[in-house]
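See below for the structure under consideration.
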Amino acid sequence: MPTSRSRAGSRLPGVQMKPFEQLVTDHGPTVLRVCRTVLGPGPDAEDAWSEAFLSALKAYPELPQDANHEAWLVTIAHRKAIDVIRRRARTPTPTEYLPEAPSSLGLPGEDDDELRQAVAALPLRQREAVALHYLAGLRYAEAAELTGSSPDAVRRAAADGMAKLRAFYRSGRQRAADVAAPDASEGAFR
């Protein structure tokens, strides 16, 4: 029975995949939103976005024809963002000078700085759940697969994160850290 791939790994002549550039055009903004939500705006998010698409480019020829491209790309981006968080934890921070503030010049949604700060103040699990479910549009089961937890845990973390964000906006926009401070549950997965 013929398959979409020959033994050498190349596709049969009748089976076509979208050009990779089309995937970048179609899903690039969603992948960038996930990176920015997990890492915050700035060069780390952009680096994670670039690394995600470089990894995807290498793996794209082996991707099954019927794969969900958006979920696949978001999975890669989420893992690259987590790699950046781990790298940050191992990297010493210089204390002689303050780091440069990321420029919001030319970035879409530059007027939503309060929202970005409120999301950034959420505990990691809640921030990830909000990013994957509400920004990337993944179902709870898909987000759970990415984070290594259960769909119920992701649903709970996303609900807790959204509740804290609503409280932030209902409370007259107090400091984001005051409203989104971790509590006993902290929306932890598992």
Ordering of 53-60, 74-81, 153-160 by packing [mean C-beta count within 10 Å, highest first]: 74-81, 153-160, 53-60
Relative to the Cα centre, what is the charge dipole magnitude of segment 20-166, using +1 at the beta carbon of each Lys and Arg, -1 at the beta carbon of each Asp and Glu, and rounding to the nearest 20 debye? 640 debye
Summed side-chain charge close to residue 44 - residues other than residue 44 whose Cβ falls under 13 Å, Lys, Arg +1, Asp, Glu -1: 0
Between the alpha carbon centres of segment 115-161 and segment 75-100 the gap in Å comes to 20 Å
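Here, each number is a calculation from the coordinates, and none is a lab measurement. On a predicted model such as this, the values are computed, not experimentally measured, just so you know. Neighbour counts run over all protein chains shown; Cβ positions are idealised from the backbone, glycine included.
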